[in-house]
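The values are calculated or read from the model by the stated rules, or taken from the named source; none is laboratory data. Bear in mind that the values here come from a model prediction, so they are computed numbers and not experimental data. We place every Cβ from the backbone using ideal geometry, glycine too, and count neighbours over all the protein chains shown.
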Amino acid sequence: EFGMFGLLMGLSGGFAASVAIGRSRSLGKQLRVAMRSGQLKVVYQPIVRLSDRRQVGAEALLRWTDPTGKPVSPDAFIATAENEGFIGQVTRFVVTRVLEELHDELRRRPDFQVTVNVAASDILDNAFAPFLSARLQAAGLPPTCIGLELTERTTANSRELGKAIARLREAGHKVYIDDFGTDYSSLSYLSRLRVDAIKINRAFMQALHDQSDQDTIAPQIVAMAEVLGLSMVIEGIEEEQQAAYFLALAPTALAQGWLFSKPVEAGRLFAA
Ligand code: C2E
Ligand code: MG
Ligand code: MG
Ligand code: MG
């Protein structure tokens, strides 16, 4: 299963490394098969306005159930797809599926926005913006229907990334920095990359709960977003108390979390 490469690594003494690489290789291979054989599906988590809880959009999230029926966490397989250079195929799969599943509803509600998670490499790919506009045009939908959430896992050339983000925004897509506040580089992205909004990571919910000193950071982030003219989506709200805290802090923010809804299948997204 580890192949020649793993074997050579093993012989050269890097046994632990060869096992890790072997596993990640086979995960990558399995994921490619999964994409073709119907093991992947997209679920949608509603995004609401915090003030009146009206649903204004949803985030598309990938789900993989392996052939034994076991769910594989996106945190594991997305990283593999990025590392092995086929995240672009995964992203296109998601965009295609979103438009297949939701085009009728989106045509009825063109103000509704579905956000798709993308990697920096997608944004830097010159063929990505044309792909999006071709698919949207074919579906008869405006570019505002698809927003893009960027989590920076790798350090990309920020000048190039900034230009590519600007082109996508000019084309009509909203661009979000996802998981904002999870690492120290977040602040530096914002000074270099012009985006529409930040999604405030659910680590802050945990912090509120723990009453740790991070709850003095949330107000600073909200104030900073306001100064920079950025909209906000508060992620991971599970309890009324958290909703109330952020409503007081950021009355115009959008929100997402189990309190409002868990991710649901396409057919249930507009059911309520
Ligand atoms: P993310 O983009 O930050 O997505 C939010 C994650 O938080 C999702 O986990 C969602 O199910 C979870 N979540 C939402 N509300 C709550 C809540 O109230 N409490 C808790 N505990 N969790 C909540 P999920 O679906 O497991 O995805 C994990 C990450 O994997 C995503 O984080 C995203 O970075 C990545 N991912 C998922 N689907 C895709 C995809 O299609 N493409 C790419 N590139 N990445 C994806
Ligand atoms: Mg996201
Ligand atoms: Mg997030
Ligand atoms: Mg995340």
Within the range 1-54, residues farther than 30 Å from Gln113 by Cβ, modelled with pLDDT of 60 or more and in contact with a helix residue (DSSP H, G or I) (Cβ under 8 Å, 6 or more places away or on another chain) come out as Leu27, Gly28
Residue set Asn83, Asn117; condition crowded, with 19+ Cβ neighbours inside 10 Å, of a type in the set (S, T, N, Q) and within 16 Å of ligand 1 (Cβ to nearest atom); output residue Asn117
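Would you confirm, using the coordinates I've provided, whether Glu149 is within 16 Å of ligand 4 (Cβ to nearest atom), of a type in the set (Asp, Glu) and at pLDDT 95 or above? Explain how you work it out, then say what you get.
On the way: within 16 Å of ligand 4 (Cβ to nearest atom): yes; of a type in the set (Asp, Glu): yes; at pLDDT 95 or above: yes.
It is true that Glu149 is within 16 Å of ligand 4 (Cβ to nearest atom), of a type in the set (Asp, Glu) and at pLDDT 95 or above.
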Restricting attention to the range 89-101, does a residue exist that is among the basic types (Lys, Arg), assigned to a helix (DSSP H, G or I) and at pLDDT 95 or above? yes
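Please tell me if Gly229 is part of a loop (DSSP other than H, G, I, E, B), at pLDDT 75 or above and away from ligand 3 (no atom under 12 Å from the Cβ).
Numbers: part of a loop (DSSP other than H, G, I, E, B): yes; at pLDDT 75 or above: yes; away from ligand 3 (no atom under 12 Å from the Cβ): yes.
The answer is yes for Gly229.
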Within the range 154-182, the count of residues that are within 23 Å of Ala58 (Cβ to Cβ) and either touching a helix residue (DSSP H, G or I) at 6+ places or on another chain (Cβ under 9 Å) or in a helix (DSSP H, G or I) (or both) comes to 13
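Could you check how many residues of the range 263-272 are at pLDDT 95 or above and either away from ligand 3 (no atom under 15 Å from the Cβ) or touching a helix residue (DSSP H, G or I) at 6+ places or on another chain (Cβ under 6 Å) (or both)?
The first filter runs over the range 263-272 and keeps only residues at pLDDT 95 or above, leaving 263-269.
If we keep only those that are either away from ligand 3 (no atom under 15 Å from the Cβ) or touching a helix residue (DSSP H, G or I) at 6+ places or on another chain (Cβ under 6 Å) (or both) too, we end up with 264-269.
The total comes to 6.
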